[in-house]
Structures are given as C-alpha cells and as structure tokens.
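Q: Below is a structure I'd like to ask you about.
The values are calculated or read from the model by the stated rules, or taken from the named source; none is laboratory data. What you see is a predicted model, and the numbers here were worked out from it, not measured in a lab. Glycine also receives a Cβ, built like all others from the backbone with ideal geometry; neighbour counts cover every protein chain displayed.
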Amino acid sequence: MTNRSRLTLTALTLVAAGAFAPVAQASGFQLREQSPSSQGNAYAGVSAGGFDISAMFFNPAILTLYSGQQYALAGTVIAPKADMSNASGTRTSLVSAFGYDPTISGPTGYKNAAATKTAPSLYGMWSPSENLRLGLSVNAPYGFVTEYDSNFVGRYHALKTDLAIIDIAPSIAYRINSQWSVGAAFIARYADATLTNAVDFGLIGLPIGTVPGTLDGTTQLKGNTWDYGYKAGITFQPTEKLRMGLAYSGAMNMTLKGNISFSYPSNMTASQLGYIQNTVGLRNQPGKAELDLPANASFGFNYQVNDTFSFQGEAAWTSWSRFKQLDAKFLSNTAPQITDSVTDEYWRDTWFYSLGGNWKLNEAWNLRAGLAKDQGAVTDPRRTPRIPDGDRTWVSVGASYAFSRSFAVDVAYTHLFVKDSTIGLTTTAAQTDPNFTRGNLTGDYKLSGDVYALQARFSF
C-alpha cells in the first residue's frame, strides 16, 4: 500500500508546487509590482522608459533617459484575496477496498488563504560620463504566502507556503547616439522557502493495520539557495514623440537545498513510528528540488501626444512552459525504498498586455491611469490550493508630485479582477499517482486583489 516514491514528493514538491501560489500578482509567481510610478498606468510602456529609474528592473537600457545621480525607494503592499467554497476531499479508492471511509474531514469553505505582504525595492543610478550610466537595483521579483488551518480539507495538498526571493542587480547602460541605447544587468538571486503540508500516516501505515485519517502529522521543508542570471535591453527613439523599448531576462535554474522535517502525531505507537521512519524512510533529513524559472521578454512604447499628455503600451511574455516537471530528491537516502520522484506540472506560457496614459497637469503634478490583461499560468487540471491562479484584469491609477527638482513622491493603486477558478485534483488506486497520499480534492475559488504602492525619488 505504501508508495515511497510519492512520499518523497509529499515533502519535496512543496518547493515548486508550493512556492508558485500567487493570486494578486502577475502570472505564475511573478511580482510585477516593482515601480509605483509605472503601476499607475498598469505598467504600460515601462520597457520604453517608464517615468523614473525604477523602470531599470524591466529594461536596464532606460537609464540613459535620466541624468546625474538618482535614487528611488519604494514599498508595495499586495493584498490578495482567495476564498474557497464547495470544498470536498476523498482518499484513494483503495481505502474503501480495505473497508474504511474514504472521506477527508474538514470545512467545506475557507476564507482568504492568501496573506497581505509588502514588497520593497531600491534603485540607484550614477552618470560617469555623458553617455554612460551605472545602476543598482534590489527587488523582490517573486514571492507569496498562503496558509490554511490544520483541519483544512485539502491539508494533504497544502498548509503553509512562504516564499521570498531577492534580486540584487548591478546594471550598465550606454547611449550609442540620439536614437539608440543599450543596457545589461547581472542578477544575483537569493531564494528562501518554508513550506508545509499534512501527512496521512494512517494511510501510509495501512500495511501494518493503521487507519486512514487517525494519524495525521505534518512535513516541512526549509530551503534556500543563490543563483545568477542576466537581463538585457535596448531603447529606440525614431522621432521626438515616439520611444520604444525591448528587453529580455534569461531563464534561471535554481536548486533549493534545505532540510525536510516531519512532525508525528502523539497517538502514534513506537512500532508505527519505527515503520514510518525506518521502513518507509520518512524521517528528518536533507533534501533538494530543481526549479526551472522562466525567461521574460517585453516590448513597450511611449508616444508623446502633446505637451501635457502621453500614451503608453506594453506587451510581455513569460515562458512558464519551461516548468514541466519537478525532480525531487532526498539527500540522505538511508532507506533503500526511497527513490527520486518526478511530478508533472506543465504550465503554459503567458502574455501580459497593457495600455495607459500620463497627464502632466503642471510642473509638480502628473496623473496616470491604465488597464491591463494578464493570463494565468495554471490551467484548470493543474490548479492546486497553493496555486489558485487565474486570468486577471488590472485597473490602475496613480499620481506623482514633485516637491522640488531633487525630491518627488509617487503613489499608485491597482485593483485586480481575477477570473473565478476551480480545483479538480484526482487520484487513482495506482501508487505511482502523484496524489496517491494526498487524495481527491474539489472546490471553487473567488479571487481578487488590491495593490498599494508608494515611492520616494531623489535626484542630485
């Protein structure tokens, strides 16, 4: 009855399937919220320069549009909402064959599993010469937190996901002539994850006479890693009124390494614990999982209609289809029954489109608004409680106020209308089924989000 391969996944798929759990951000697990000024017009035209140096996150070549020394400090509060209803779960059909009730207990609804978080960002730019610019950015490009109560009907699929990723990116840009500029950035990326789910040790111990649902414990993976990548871009200004930008950020393969730990129920006997730890091999030990992070490409334009109004557009592509499988490993393979495991994901590539405008009221005030369409990376058959992802529409407004030539403030607000989604995870009686120990899970999600951003800019 026990499936050691799938038990490995119970712990290790938390790294990928657990980490990618966004609701209010961009597709997959991206945090597009990196520039409060550009958030005001739904990031339309940010690859063509945006409104300040924070656009370097999307295209390092935009730095040549600005001069002197400039700094920006931003904070974005992301408040997603993910309400689950009509939830139900059942165990593998083999449970019924052994004469036990396959129903998984738990409430049929869950109010907002997504946590509100703040994403900071920091930017600096220096001008060694007339045409050369150096930059530095610190960002949180990916991350999310979801958490369910211990009695959640989908607890074997997910309890807590806490993922944080930080990018440190020095950049360089050069103005070739009045029309063309190029830029590149080196990315040092740090990832840290704490991920948990419940484990039905009663199901795992069926060969020695345990009862499913009576011996619930938990597993936790804490892992981190550094990895390195790049981004590059160009800007082109064919006329005084029109400017365009094209940027590309390379894919990155990350290996999260850490420790897998198990919490066993207090009513477990010594013989049951020995079977779980020694025969099955589910005991505390190091683990790792390989993650294929996507490449990103974007194109944007800015058209200056007149002295007071400009019009922007943006299209961005993310190669989420790279994330096909997760290869998970125990690093202390002291139980010979434990083998490496592969779980299928098969996300899809996504597109983001936005249009927006900027109104210059006077020397101090700028007002912005924008609308965006953003595809979700997860299709209905692949959705899990950790990934209530869906297609979304951005409606954004923002404003900038310049207190002086050297100090300005940007604010922005976005509401995200996210398409309602469903979960329909299934398992068979085959022990090779990835959901064999997790069970079947169905339910409906109502999703939405609000994003609030504030930025202070300094010029010298």
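Q: Within region 369-403, how many residues are in a strand (DSSP E or B) and buried (at least 22 other Cβ atoms within 10 Å of the Cβ)? Let's see the steps before the verdict.
A: Our first condition is that a residue be in a strand (DSSP E or B); within region 369-403, this holds for 369-374, 392-402.
Filter again for buried (at least 22 other Cβ atoms within 10 Å of the Cβ), leaving 370, 372, 374, 392, 394, 396, 398, 400.
Residues flagged as in a strand (DSSP E or B) and buried (at least 22 other Cβ atoms within 10 Å of the Cβ) within region 369-403 amount to 8.
Q: Sticking with this one: Just checking, does region 161-183 include any residue being touching an Asp or Glu at 6+ places or on another chain (Cβ under 6 Å), farther than 20 Å from Gly229 by Cα, surrounded by 16 or more Cβ atoms within 10 Å (Cβ to Cβ) and of a type in the set (A, V, I, L, M)?
A: No, the conditions are met nowhere in region 161-183.
Q: Whether any residue in region 99-112 is closer than 22 Å to Asp167 by Cα and not in a loop (DSSP other than H, G, I, E, B) is what I want to check.
A: Initially, region 99-112 is screened for residues closer than 22 Å to Asp167 by Cα, giving none.
The answer is no, given that none of the residues of region 99-112 is closer than 22 Å to Asp167 by Cα and not in a loop (DSSP other than H, G, I, E, B).
Q: If you don't mind, another one. Can we say Leu132 is surrounded by fewer than 16 Cβ atoms within 10 Å (Cβ to Cβ) and farther than 25 Å from Leu293 by Cα? Full working, then the answer.
A: Numbers: surrounded by fewer than 16 Cβ atoms within 10 Å (Cβ to Cβ): yes; farther than 25 Å from Leu293 by Cα: yes.
In short, yes.
Q: Hey, can you tell me all the residues within region 370-396 that are aliphatic (A, V, I, L, M) and at pLDDT 95 or above?
A: Leu371, Ala372, Val395, listed by residue number.
Q: Go through region 429-460 and count every residue that is out of contact with any helix residue (DSSP H, G or I) (no Cβ under 8 Å at 6 or more places or on another chain), assigned to a loop (DSSP other than H, G, I, E, B) and crowded, with 22+ Cβ neighbours inside 10 Å.
A: 1
Q: Pick out the one residue from Asn362, Asn358, Asn366 that is out of contact with any strand residue (DSSP E or B) (no Cβ under 9 Å at 6 or more places or on another chain), at pLDDT 90 or above and either surrounded by fewer than 20 Cβ atoms within 10 Å (Cβ to Cβ) or not in a loop (DSSP other than H, G, I, E, B) (or both).
A: After ruling out the rest, the residue left standing is Asn362.
Q: Among the residues in region 228-247, are any aliphatic (A, V, I, L, M) and without any contact (Cβ under 8 Å) to a residue 60 or more places away in the chain? Walk me through how you get there before you give the answer.
A: First pass over region 228-247, keeping only residues aliphatic (A, V, I, L, M): 232, 234, 242, 244, 246-247.
Checking which are without any contact (Cβ under 8 Å) to a residue 60 or more places away in the chain leaves us with none.
Looking through region 228-247, none of the residues is aliphatic (A, V, I, L, M) and without any contact (Cβ under 8 Å) to a residue 60 or more places away in the chain.
Q: Scan region 74-98 residue by residue and report those that are under 22 Å from the mean Cα position of the chain (by Cα) and not small (Gly, Ala, Ser).
A: Answer for region 74-98, where residues must be under 22 Å from the mean Cα position of the chain (by Cα) and not small (Gly, Ala, Ser): Thr76, Val77, Ile78, Pro80, Lys81, Asp83, Met84.
Q: For region 116-129, enumerate the residues that are surrounded by fewer than 16 Cβ atoms within 10 Å (Cβ to Cβ) and part of a loop (DSSP other than H, G, I, E, B).
A: Thr116, Pro128, Ser129
Q: Could you please tell me which pairs satisfy a Cβ distance under 6 Å, a separation of 6+ or placement on different chains, a first residue in region 132-145 that is over 15 Å from Ile166 (Cβ atoms), and a second residue that is among the aromatic types (Phe, Trp, Tyr) and in a strand (DSSP E or B)?
A: Leu132/Tyr174; Leu134/Trp126
Q: Separate question: Ser271 versus (1) assigned to a strand (DSSP E or B); (2) among the polar types (S, T, N, Q); (3) at pLDDT 95 or above; (4) loosely packed, with under 15 Cβ neighbours inside 10 Å: which is the lone unmet condition?
A: (1)
Q: To continue, here is another question. Cβ contacts < 8 Å: first residue among the hydroxyl-bearing types (Ser, Thr, Tyr), restricted to region 346-358; second residue outside any strand (DSSP E or B) and modelled with pLDDT of 95 or more, any location; separation 6+ or different chain. Result?
A: From residues that are among the hydroxyl-bearing types (Ser, Thr, Tyr), the pairs are Ser354/Asn41; Ser354/Ala42; Ser354/Tyr43; Ser354/Ala44.
Q: Can you name every residue in region 294-324 that is assigned to a strand (DSSP E or B), surrounded by fewer than 17 Cβ atoms within 10 Å (Cβ to Cβ) and among the acidic types (Asp, Glu)?
A: None; the set is empty.
Q: Hey, can you tell me all the residues within region 29-66 that are aromatic (Phe, Trp, Tyr) and either farther than 20 Å from Ser319 by Cβ or modelled with pLDDT of 95 or more (or both)? Walk me through how you get there before you give the answer.
A: Applying the first criterion (aromatic (Phe, Trp, Tyr)) to region 29-66 yields 29, 43, 51, 57-58, 66.
Result: Tyr43, Phe51, Phe57, Phe58, Tyr66.
Q: Right, Ile165: without any contact (Cβ under 8 Å) to a residue 40 or more places away in the chain and among the aliphatic types (A, V, I, L, M) or not?
A: Answer is yes for this residue.
Q: Take region 404-428 and flag every residue that is surrounded by fewer than 15 Cβ atoms within 10 Å (Cβ to Cβ) and within 17 Å of Trp365 (Cα to Cα).
A: Ser404, Arg405, Ser406, Phe407
Q: Just name the residue that is modelled with the lowest pLDDT out of those in region 191-242 that are of a type in the set (Lys, Arg) and outside any loop (DSSP other than H, G, I, E, B).
A: Lys222
Q: To continue, here is another question. Working only within region 259-268, note down all residues that are surrounded by fewer than 17 Cβ atoms within 10 Å (Cβ to Cβ) and over 17 Å from Asp162 (Cα atoms). Steps first, please.
A: Just the residues of region 259-268 that are surrounded by fewer than 17 Cβ atoms within 10 Å (Cβ to Cβ), to begin with: 259, 261, 263, 265-267.
Once the filter is applied, which keeps residues that are surrounded by fewer than 17 Cβ atoms within 10 Å (Cβ to Cβ) and over 17 Å from Asp162 (Cα atoms), region 259-268 yields Ser263, Pro265, Ser266, Asn267.
Q: Within region 443-452, is even one residue among the acidic types (Asp, Glu), within 25 Å of Ala97 (Cα to Cα) and in contact (Cβ under 8 Å) with a residue 60 or more places away in the chain?
A: No, every residue in region 443-452 fails to be among the acidic types (Asp, Glu), within 25 Å of Ala97 (Cα to Cα) and in contact (Cβ under 8 Å) with a residue 60 or more places away in the chain.
Q: Right, here's the next one. Could you say which residue among Leu246, Leu256 is aliphatic (A, V, I, L, M), surrounded by 19 or more Cβ atoms within 10 Å (Cβ to Cβ) and either in a strand (DSSP E or B) or at pLDDT below 95 (or both)?
A: Leu256
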